[in-house]
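The values are calculated or read from the model by the stated rules, or taken from the named source; none is laboratory data. Just so it is clear, the model here is predicted, and its values are computed rather than measured. Reconstructed Cβ throughout: ideal geometry from the backbone, glycine too, with neighbour counts over all protein chains shown.
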Amino acid sequence: MADEIYTYSIIVRGSMNPPIHHPTWYLHVGLLNEDAVAVALQSNQFLCGTPISQFSTATMTIQCFPDNWTLQTTRRDSIGDAVSLTAELFDGKLPHTPVQAVGFNVAAHVNAGSGHIEALLGSLAPTNELGIDWFQNVGAGYTIVSEIPDCRIRIQIEPSLQVKGFLFLSLNFHYSLKKRDASSIFVDIGPVLKGRYLENLDFSDRVMSSIVKAIIERGQ
């Protein structure tokens, strides 16, 4: 049986300058140490230019495009460091970046106890209510959107395309950001990320466990 895969990411949307995001610049401003930068420079994923900058350390991957910056890790024990790096980068080192939005994401390819995920998800589809009950052998994916204070949550549920027979689950937390003051066009993302990510992780755990349990029971 294949291993379950969990990925955690932070996405910052706004006007970015990809060439700045070179591993040695992160070393120069104190965001990465020499060991991490040495790994990044030797990685076959290393790119640095106008359309994209990308590099990987032993624990995380950073990508920067003109309209967004992303940090991704598969290690849960690195999430705190990822949040701290992101906050210090945009609030401390690049405070005049016109940030428009920030999101925290948890994605997983998990074993839901059955190799027939498409059929199980299809059996939950409200085809009668939608007037399409003539469909046969229905497979389905679902997107659920909800709101909590200062945050919009988007949940995706669908068959995994990466691991056959697994379930793919994704939770995106899209935060509302406040300007630094009434006359400013800039925002601070650190207080939101640092204040909410543990809560969002716990929420993701509970939602994913609940969905997997429901799918397993459906397949019995």
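Mind checking which residues of the range 169-220 are more than 15 Å from Pro149 (Cβ to Cβ), within 18 Å of the chain's Cα centre (by Cα) and outside any helix (DSSP H, G or I)?
Leu169, Ser170, Leu171, Asn172, Ile189
Does Leu124 meet the test of being of a type outside the set (S, T, N, Q) and at pLDDT 80 or above?
The answer is no for Leu124.
From the set of residues in the range 1-34 that are aliphatic (A, V, I, L, M) and in contact with a Phe, Trp or Tyr (Cβ under 8 Å, 6 or more places away or on another chain), which is modelled with the lowest pLDDT?
Taking the candidates together, the pick is Ala2.
Can you tell me which residues in the range 44-80 are small (Gly, Ala, Ser) and either within 21 Å of the chain's Cα centre (by Cα) or crowded, with 16+ Cβ neighbours inside 10 Å (or both)?
Hits for the range 44-80 are Ser53, Ser56, Ala58, Ser78, Gly80.
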